[in-house]
1. Give just the number: which of (1) under 13 Å from the mean Cα position of the chain (by Cα); (2) farther than 21 Å from residue 264 by Cβ; (3) free of Cβ contacts under 8 Å to residues at least 60 places away in the same chain does residue 223 not satisfy?
2. Pick from region 128-143 the residues that are modelled with pLDDT of 95 or more and closer than 20 Å to residue 211 by Cβ: which of them is farthest from the chain's Cα centre (by Cα)?
3. Going by the structure shown, is residue 168 outside any loop (DSSP other than H, G, I, E, B), within 27 Å of residue 230 (Cβ to Cβ) and of a type outside the set (A, V, I, L, M, F, W, C)?
4. For region 171-185, name all the residues that are more than 22 Å from the chain's Cα centre (by Cα), outside any strand (DSSP E or B) and touching a residue at least 12 places away in the same chain (Cβ under 8 Å).
5. Residues that are touching a strand residue (DSSP E or B) at 6+ places or on another chain (Cβ under 8 Å), under 28 Å from residue 68 (Cα atoms) and modelled with pLDDT of 95 or more: does region 114-122 have at least one?
6. Among the residues of region 246-262, how many are over 17 Å from residue 93 (Cβ atoms), of a type in the set (A, V, I, L, M, F, W, C) and part of a helix (DSSP H, G or I)?
7. Can you confirm whether residue 156 is touching an Asp or Glu at 6+ places or on another chain (Cβ under 8 Å) and either surrounded by fewer than 18 Cβ atoms within 10 Å (Cβ to Cβ) or modelled with pLDDT under 90 (or both)?
8. Output the number of the condition that residue 190 fails; it satisfies all remaining conditions of (1) more than 28 Å from residue 110 (Cβ to Cβ); (2) part of a helix (DSSP H, G or I); (3) of a type in the set (S, T, N, Q).
Amino acid sequence: MIAQQPNARKKKRRLKKLPIVILALLLLSVLLAFWMKSSYSAGIGVAREHGKTPEKYTFNGPINKDAKVNVLILGHDRAVDGSSRTDSIMVAQYDYLNKKMKIISIMRDIYADIPDGYRNYKINTAYTLGGPELLRKTIKRNLGLDIEYYAVIDFKGFEQMVDELAPNGLPINVEKDMSAKIGVSLKQGQHNLTGKEVLGYARFRHDEEGDFGRVRRQQQVIKALEKEMMSLSAVMKAPKLAGIARGYVDTNMADGNIFKTGISYMVRGDKDIQTMIVPVKNSFRMVDVDGIGSVLDIDKEKNKKAIQDFLNE
């Protein structure tokens with residue numbers, strides 16, 4: 001009998017082990033899928049505990065095939081009379097090819113031409129009058145942006161997401177004492193803020209900066225959240241965070257698109273988020289309008305060009 005060569009024996013042992021390796025990988029995949037699903041479901045459960053149910057809005061944004069996704073992000077609150085309002089208007093763009101995330105903050109006091117027969121008013125009024133769709137039309141007419149998707153974020157959900165992401169508080173450098181008009185009282189200095197405190201900080205506008213300061217603080221919060229999201233603990237919490245977000249965010253994006261965009265950014269995306277504030281410098285003046293108050297009268301063409309330059313650079 002001819003003895004087997006050493007290499008042949010090793011190959012035979014490897015072949016015997018192969019089914020075990022495949023079985024282990026399959027088991028690991030099943031466990032991972034189960035963990036992600038259960039964590040995601042737990043996140044959605046957080047929203048349901050607070051009585052939040054998804055709401056669908058009409059939104060007729062064009063679906064472009066340019067390897068970029070644009071989302072109108074709105075912070076949602078309710079006035080005392082029950083009407084919907086937003087004091088946070090952003091447009092986020094993710095470029096799948098260049099793996100870049102860009103965020104445009106649109107100041108709510110822009111004096112805008114509102115379509116569908118409404119009078120000119122502050123741009124955020126379009127949301128109160130006709131939801132995300134009317135605001136989409138208004139942004140397109142005044143700023144030249146035609147947006148594909150919307151995401152309306154319930155403020156309570158924002159608090160929950162911050163608390164889940166940063167249970168010991170989100171590090172924020174509070175530049176001045178802030179009053180209880182924002183629902184919390186904050187002291188100047190470096191602090192780890194709870195979700196409720198972060199929301200109050202981002203919405204504060206009771207000083208000489210007004211809406212300019214609020215938009216600046218919102219972008220500061222985005223940077224702090226971005227840094228927190230890159231930690232290992234945040235990656236482990238990603239499924240539950242996604243569930244909380246899905247439970248508190250009303251959007252016309254399919255779950256598959258949300259996961260694809262999120263995974264692409266988390267794994268391969270440039271983590272230095274680029275930001276822009278509209279109107280840009282030297283493109284507006286403050287004016288008083290009867291029945292409305294102080295508004296930003298902007299140079300629309302200058303801002304349209306600045307937006308396109310920013311998104312295409």
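1. (2)
2. Here the answer is 142.
3. Judged against the criteria, residue 168 is not a match.
4. Once the filter is applied, which keeps residues that are more than 22 Å from the chain's Cα centre (by Cα), outside any strand (DSSP E or B) and touching a residue at least 12 places away in the same chain (Cβ under 8 Å), region 171-185 yields 175, 176, 179, 181, 183, 184.
5. Among the residues of region 114-122, at least one is touching a strand residue (DSSP E or B) at 6+ places or on another chain (Cβ under 8 Å), under 28 Å from residue 68 (Cα atoms) and modelled with pLDDT of 95 or more, which makes the answer yes.
6. Qualifying residue count, region 246-262: 1.
7. Against the criterion (touching an Asp or Glu at 6+ places or on another chain (Cβ under 8 Å) and either surrounded by fewer than 18 Cβ atoms within 10 Å (Cβ to Cβ) or modelled with pLDDT under 90 (or both)), residue 156 does not qualify.
8. Going through the list (1) more than 28 Å from residue 110 (Cβ to Cβ); (2) part of a helix (DSSP H, G or I); (3) of a type in the set (S, T, N, Q), residue 190 breaks only (2).
The values are calculated or read from the model by the stated rules, or taken from the named source; none is laboratory data. A quick note: this is a predicted structure, and the numbers were derived from the prediction, not measured. Using ideal geometry, Cβ is built from the backbone for each residue, glycine included, and neighbour counts are taken over all protein chains shown.
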